[in-house]
Amino acid sequence: MFYHAYDSYLENAFPYDELRPLTCDGHDTWGSFSLTLIDALDTLLILGNVSEFQRVVEVLQDNVDFDIDVNASVFETNIRVVGGLLSAHLLSKKAGVEVEAGWPCSGPLLRMAEEAARKLLPAFQTPTGMPYGTVNLLHGVNPGETPVTCTAGIGTFIVEFATLSSLTGDPVFEDVARAALMRLWESRSDIGLVGNHIDVLTGKWVAQDAGIGAGVDSYFEYLVKGAILLQDKKLMAMFLEYNKAIRNYTRFDDWYLWVQMYKGTVSMPVFQSLEAYWPGLQSLIGDIDNAMRTFLNYYTVWKQFGGLPEFYNIPQGYTVEKREGYPLRPELIESAMYLYRATGDPTLLELGRDAVESIEKISKVECGFATIKDLRDHKLDNRMESFFLAETVKYLYLLFDPDNFIHNNGSTFDAVITPYGECILGAGGYIFNTEAHPIDPAALHCCRRLKEEQWEVEDLMREFYSLKRNRSRFQKTTMSSGPWEPPAGPGTFSSPENHDETREKKPAKQKIPLLSCPSQPFTSKLALLGQVFLDSS
């Protein structure tokens, strides 16, 4: 399935963003980045194709340019382009790419990811810290840009941006992502819910429907995944508070409805296909029983239509008008993969089999796989979104490949020698971003550790210069000599005043780890087996 779609893209659509499978040509959709190629890159390695991975890395370095006059979705560019490049960067050594000294804390794909992310930073320059939905990659935010952004478009940055800050040492990315998350948290209603769309200039809710699906979904996902990736107890506490409110106001018979965010009254009794990520997310916090019950509800819808319609009316048990399509989304398959890792329940493999058979039967055409325009009569639409290769096929493959390196339980790892010391990578516990690009938490730890060691050296330097400065002042008072100046040159501080400024900017060191997993490193089994968080005590 992967190669039928991938080869069709290369032959008919590259260098456009996406393939149009019915007309066997291509078109740009999210910014003219050859998006399908970026999105499919780490899938190539998961399938074991190191030679094509290496070839594509060279193609991307030679052809992708972010300095273009294009209006791009901040959300989509982050999850697909920044996320895809970061993941490929961290997997490049495993794929046999010759990496430069200092990897994983440096490298050409990392620099590309940083360049793309910097193009998005102007969107965050708002009074609330919440980003605009669209930014021009050359000119920044257009003067007439709408300030209304969906909740997911504000709260889906911490995984990629914190990874970027950890690898590069520039805190600006993680800082803006955290500021946006906090402002959403502060904007929740008195009953603990968030709406669907908000004005990023005023902070006022524009759409007040609360649920777990479209427009909100990956905000909740990133609170959990950000907490695991960064070992951040505060992010997990925020999600658990939301989870209580979601259960209290939106859950009915293991379905999740849409309600008014301030009153909790039902506004839309529908299930959206995008909500099917929720059982997988519940498995990450160890709530397996509830996750399985909800998953089985969603699976009945799949069996009814051979796919998940975008909207499904729960009381009527049928599709919603003009929302009958299935663009080959991955969310239900994603949940099946997580739950199968947690339970081994063969029912989850049955969903995988059904998904393979129905996608092959309904959507396969000569030039790839086409979006299903209407699940009632299986009419097709002329589009194959990049997430089909990034997510849908990847999660299916991982569901049926228990020995894939992504599922590593920590029993094997790679020791990487850098100019700064040894790093342990590839020990498992990969965190998937919302576009299914895996991030190795160990790389963040490795690069952050290097920064901490650098701070320790700087502390010693400051103490040394402080002693010399005090001695100089003593000499000045006793011998009337001129003021002492620290020696200039590479790697030294220009003046005593700068020492204090540097000290103020240095992040506070965390003495006690907030979260820990017993008898194993945090890189092992963290994401999939339910051993998520225990207090360090």
Task: Residue in the range 81-99 that is in contact with a Cys (Cβ under 9 Å, 6 or more places away or on another chain) and either buried (at least 23 other Cβ atoms within 10 Å of the Cβ) or of a type in the set (A, V, I, L, M, F, W, C) (or both) present - done: no
Task: Pairs, first under 18 Å from Lys303 (Cβ atoms) and in contact (Cβ under 8 Å) with a residue 12 or more places away in the chain in the range 350-375, second β-branched (Val, Ile, Thr) and open to solvent by 20 Å² or more (accessible area, probe 1.4 Å), C-beta under 8 Å, six or more apart - done: Ile372/Ile362
TODO: Would you mind finding the one in Leu375, Leu339, Leu425, Leu328 that is closer than 25 Å to Arg20 by Cβ and touching a Pro at 6+ places or on another chain (Cβ under 9 Å)?
DONE: Leu375
TODO: Give the residue, chosen from Tyr298, Tyr326, Tyr340, that is over 17 Å from Val393 (Cβ atoms) and among the hydroxyl-bearing types (Ser, Thr, Tyr).
DONE: Tyr298
Open item on the list: Can you say whether Thr392 is polar (S, T, N, Q) and open to solvent by 50 Å² or more (accessible area, probe 1.4 Å), as far as the supplied structure shows?
Closed with: no
Open item on the list: From the list Thr134, Thr126, exactly one residue is open to solvent by 10 Å² or more (accessible area, probe 1.4 Å), out of contact with any strand residue (DSSP E or B) (no Cβ under 8 Å at 6 or more places or on another chain) and either modelled with pLDDT of 95 or more or farther than 23 Å from Ala442 by Cα (or both). Which is it?
Closed with: Thr126
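The rows are residues; the columns are (1) without any contact (Cβ under 8 Å) to a residue 60 or more places away in the chain; (2) assigned to a loop (DSSP other than H, G, I, E, B).
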| position | (1), (2) |
| --- | --- |
| Ala177 | yes, no |
| Ala214 | no, yes |
| Lys225 | no, no |
| Leu235 | no, no |
| Met238 | yes, no |
| Asn243 | yes, no |
| Arg247 | yes, no |
Open item on the list: Taking the conditions exactly as written (open to solvent by 30 Å² or more (accessible area, probe 1.4 Å), within 29 Å of Gly226 (Cβ to Cβ) and touching a strand residue (DSSP E or B) at 6+ places or on another chain (Cβ under 8 Å)), does Thr29 satisfy them or not?
Closed with: yes
Open item on the list: What are the pairs with Cβ atoms under 7 angstrom where one residue, in the range 379-408, is in contact (Cβ under 8 Å) with a residue 12 or more places away in the chain and under 16 Å from Glu331 (Cα atoms) and the other, located anywhere, is basic (Lys, Arg) and open to solvent by less than 20 Å² (accessible area, probe 1.4 Å)? Sequence gap at least six, or different chains.
Closed with: Ser386/Arg80
- [ ] Working only within the range 258-296, note down all residues that are open to solvent by 30 Å² or more (accessible area, probe 1.4 Å), part of a strand (DSSP E or B) and of a type in the set (Val, Ile, Thr).
- [x] Val266
Open item on the list: Can you confirm whether Glu463 is open to solvent by 70 Å² or more (accessible area, probe 1.4 Å), in a helix (DSSP H, G or I) and modelled with pLDDT under 65?
Closed with: no
Open item on the list: Anything in the range 99-119 that is charged (D, E, K, R) and at pLDDT below 95? List them, or say none.
Closed with: Glu100
- [ ] For the range 297-335, name all the residues that are part of a helix (DSSP H, G or I) and either open to solvent by less than 10 Å² (accessible area, probe 1.4 Å) or touching a Leu at 6+ places or on another chain (Cβ under 7 Å) (or both).
- [x] Tyr298, Tyr299, Val301, Trp302, Phe305, Glu331, Leu332, Ile333, Ser335
- [ ] Return yes or no: is Leu109 touching a His at 6+ places or on another chain (Cβ under 6 Å) and open to solvent by less than 40 Å² (accessible area, probe 1.4 Å)?
- [x] yes
Task: Test: Val200 is open to solvent by 10 Å² or more (accessible area, probe 1.4 Å), hydrophobic (A, V, I, L, M, F, W, C) and in contact with a strand residue (DSSP E or B) (Cβ under 8 Å, 6 or more places away or on another chain) - done: no
Task: Hey, Val64 within 29 Å of Tyr132 (Cα to Cα), crowded, with 18+ Cβ neighbours inside 10 Å, modelled with pLDDT under 95 and β-branched (Val, Ile, Thr) or not - done: yes
- [ ] Please find, among Lys394, Lys364, Lys373, the residue that is at pLDDT 95 or above, among the charged types (D, E, K, R) and within 21 Å of the chain's Cα centre (by Cα).
- [x] Lys394
- [ ] Specify which of the listed residues (Ala237, Ala342) is modelled with pLDDT of 95 or more, under 29 Å from Trp185 (Cα atoms), within 27 Å of the chain's Cα centre (by Cα) and of a type outside the set (Lys, Arg).
- [x] Ala237
Open item on the list: Which pairs turn up if I take residues in the range 179-201 that are under 19 Å from Leu240 (Cα atoms) and look for partners that are of a type in the set (Ser, Thr, Tyr) and at pLDDT 95 or above with beta carbon separation below 6 Å, at least 6 apart in sequence or on another chain?
Closed with: Arg183/Thr128; Ser189/Tyr262; Val194/Thr151
Task: Answer from Glu11, Glu52 - the residue that is open to solvent by 50 Å² or more (accessible area, probe 1.4 Å), part of a helix (DSSP H, G or I), at pLDDT 95 or above and of a type in the set (D, E, K, R) - done: Glu11
- [ ] Scan Trp255, Trp205 and give me the residue that is within 16 Å of Thr151 (Cα to Cα) and buried (at least 16 other Cβ atoms within 10 Å of the Cβ).
- [x] Trp205
Open item on the list: For the list (1) closer than 20 Å to Ala116 by Cβ; (2) free of Cβ contacts under 8 Å to residues at least 60 places away in the same chain, I need the number of the one condition that Thr146 fails.
Closed with: (1)
Open item on the list: Give me the residue from the range 14-49 that is β-branched (Val, Ile, Thr) and within 23 Å of the chain's Cα centre (by Cα) and, out of that set, modelled with the lowest pLDDT.
Closed with: Thr29
TODO: Looking for whichever is in contact with a strand residue (DSSP E or B) (Cβ under 9 Å, 6 or more places away or on another chain) and of a type in the set (A, V, I, L, M, F, W, C) here; the options are Ala342, Ala336, Ala370. Which one fits?
DONE: Ala370
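The values are calculated or read from the model by the stated rules, or taken from the named source; none is laboratory data. As the structure is a prediction and not an experimental result, all values here were calculated from the model. FYI the Cβ positions are ideal-geometry reconstructions off the backbone, even for glycines, and counts take in every protein chain you see. In case anyone asks, the SASA skips ligands and DNA or RNA and just uses the protein heavy atoms, side chains included. Shrake-Rupley method; radii C 1.70, N 1.55, O 1.52, S 1.80 Å.
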